[in-house]
1. Listed residues 248, 308, 262; which is closer than 24 Å to residue 137 by Cβ and within 16 Å of the ligand (Cβ to nearest atom)?
2. For region 105-155, enumerate the residues that are touching a strand residue (DSSP E or B) at 6+ places or on another chain (Cβ under 7 Å) and part of a loop (DSSP other than H, G, I, E, B).
3. Sort out which residues of region 17-57 are within 10 Å of the ligand (Cβ to nearest atom), modelled with pLDDT of 75 or more and assigned to a loop (DSSP other than H, G, I, E, B), and write them in order of number.
4. Suppose we filter region 117-138 for residues that are within 14 Å of the ligand (Cβ to nearest atom) and surrounded by 21 or more Cβ atoms within 10 Å (Cβ to Cβ); how many remain?
5. Being surrounded by 15 or more Cβ atoms within 10 Å (Cβ to Cβ) and within 16 Å of residue 530 (Cα to Cα) is the filter here; which residues of region 484-505 pass it?
6. In region 274-309, what residues are assigned to a loop (DSSP other than H, G, I, E, B) and surrounded by fewer than 22 Cβ atoms within 10 Å (Cβ to Cβ)?
7. Determine which single condition residue 426 fails, assuming it passes every other condition in (1) under 30 Å from the mean Cα position of the chain (by Cα); (2) more than 16 Å from residue 503 (Cβ to Cβ).
8. Select, from 409, 490, the only residue that is in a strand (DSSP E or B), more than 28 Å from residue 139 (Cβ to Cβ) and in the same structural domain as residue 530 (by TED's automatic domain parsing).
Ligand code: G4P
């Protein structure tokens with residue numbers, strides 16, 4: 001049995017909330033997210049051996065078996081949330097699956113965090129997936145701490161990477177540390193916040209960071225420890241960067257306008273402590289959450305929360321689900337009866353789960369910012385709000401424009417009704433989006449990651465006994481259309497072959513290519529074409 005609050009327990013809801021950091025790591029595949037996660041967990045004492053988050057070598061084969069399970073049952077539960085403690089603060093780290101596992105869940109998870117760490121490969125800069133994930137963060141102005149990774153390898157010019165962050169992401173940058181050298185001649189980083197030089201030793205794991213010179217940047221102690229040319233260059237660069245970048249400003253960071261930047265090497269455990277300290281010192285504790293009525297403050301007494309992810313359970317014989325609920329206010333206690341606002345039903349939460357790196361435990365109590373898993377048989381859906389009675393709905397848990405659209409081909413036409421039911425229920429769960437074209441009888445499904453299609457096919461067959469295939473649809477992307485009803489009708493009438501409805505009947509434009517999409521946006525200035533739509 002577990003309490004996410006530790007043994008003694010906090011004095012008040014506000015105090016417990018203050019001591020929580022609910023965050024995610026966003027990165028392009030291979031930038032080092034798994035390695036960094038592992039090092040954060042090691043530092044938090046949640047695991048004791050490196051290599052447990054992602055098995056190496058031998059484990060690679062295991063990973064593909066595990067993928068098969070994932071494909072038939074959805075995405076892994078155990079890695080979705082990890083809770084650990086550091087400096088008396090409870091960290092809830094939410095996983096944002098990348099690679100083949102990339103799905104709408106990846107995006108939606110970001111609606112449940114208060115801040116994020118953005119990992120950038122120092123040799124590559126901002127890559128496609130970092131950018132997509134960042135854009136989702138920007139929807140809610142989620143504050144971002146940047147970690148430029150792999151400094152132990154040849155990296156790009158540091159100034160270039162900072163420029164890229166400010167130009168591509170429109171974020172101000174404030175370097176908090178500055179590297180001396182890189183690759184084979186990486187000497188360490190100067191911590192500009194604490195005014196000390198952290199020395200890198202290629203032969204050692206740097207997690208202890210014993211080699212620290214506590215000295216201002218121009219102190220001769222540094223001259224004695226570092227090669228003169230490298231130190232001279234780093235000093236010059238630091239002077240330049242301090243003149244070019246704004247000073248760190250907590251408010252600007254928290255408003256999502258400025259990112260503090262750290263350099264390091266996840267693999268060599270270098271710079272991890274500075275990063276975790278920054279999450280403790282700068283990252284916001286649970287923020288007030290918007291609803292359709294008012295903002296909910298975390299220290300309000302009544303318990304509230306919303307479901308951001310629903311996970312099919314591993315047992316194929318049961319339609320068990322685990323709904324991941326982010327608590328937004330109040331002190332949650334096991335057995336609490338909560339009001340499901342969408343249906344008006346009362347739901348007793350008797351077996352809530354807290355997730356640790358290597359175990360799941362029954363949650364006796366939980367606090368704002370915590371994520372609890374609620375086992376259920378399909379009653380809870382993505383986007384659901386639970387309260388202690390108040391009829392309000394958390395907003396900002398959108399559907400995202402699908403990037404892969406497929407036409408569903410049914411082998412047995414007699415099963416059309418069953419298919420409709422299966423697709424609607426999987427759409428409610430958040431596994432896919434479904435669209436009904438204005439012309440033609442076939443359903444179109446939309447996802448943001450290829451694995452979602454595989455999961456969908458397996459589940460339709462195993463859970464509903466329907467064999468389906470997926471054919472390429474001639475569409476590139478979908479946008480929800482909104483605006484003056486008469487103008488919308490004119491637009492949809494003119495574009496019947498590209499018009500569809502989503503599962504709630506909202507009009508959708510399915511563009512054949514990016515040119516069509518841009519043209520529609522230009523030609524119909526009174527209409528809004530949006531890439532997200534609030535779930536109803
Ligand atoms: P991801 O989750 O973002 O996809 O990245 P992951 O941590 O799996 O890292 C991708 C590759 O980059 C791995 O190497 C990892 O060891 C390496 N890496 C991560 N951080 C650093 C770093 O700070 N310095 C260096 N030099 N390498 C780093 P791999 O060879 O692809 O895989 P593996 O066989 O080591 O697992």
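The values are calculated or read from the model by the stated rules, or taken from the named source; none is laboratory data. Keep in mind the model is a prediction, meaning the values are calculated, not measured. Positions of Cβ are backbone-derived with ideal geometry, glycine not excepted, and every protein chain shown enters the neighbour counts.
1. On the way: 248 fails: within 16 Å of the ligand (Cβ to nearest atom); 308 fails: within 16 Å of the ligand (Cβ to nearest atom).
Just one listed residue meets the conditions, 262.
2. 113, 114, 122, 126, 142, 143, 150, 151, 152
3. Once the filter is applied, which keeps residues that are within 10 Å of the ligand (Cβ to nearest atom), modelled with pLDDT of 75 or more and assigned to a loop (DSSP other than H, G, I, E, B), region 17-57 yields 28, 29, 30, 31, 32.
4. Here the count works out to 8.
5. If the condition is that a residue be surrounded by 15 or more Cβ atoms within 10 Å (Cβ to Cβ) and within 16 Å of residue 530 (Cα to Cα), then 488, 491, 492, 498, 499, 500, 501, 502 are the ones that fit.
6. 282, 284, 285, 288, 292, 293, 294, 297, 299, 300, 301, 302
7. Single failed check for residue 426: (2).
8. Values: 490 fails: in a strand (DSSP E or B).
Criteria check complete, one pass: 409.
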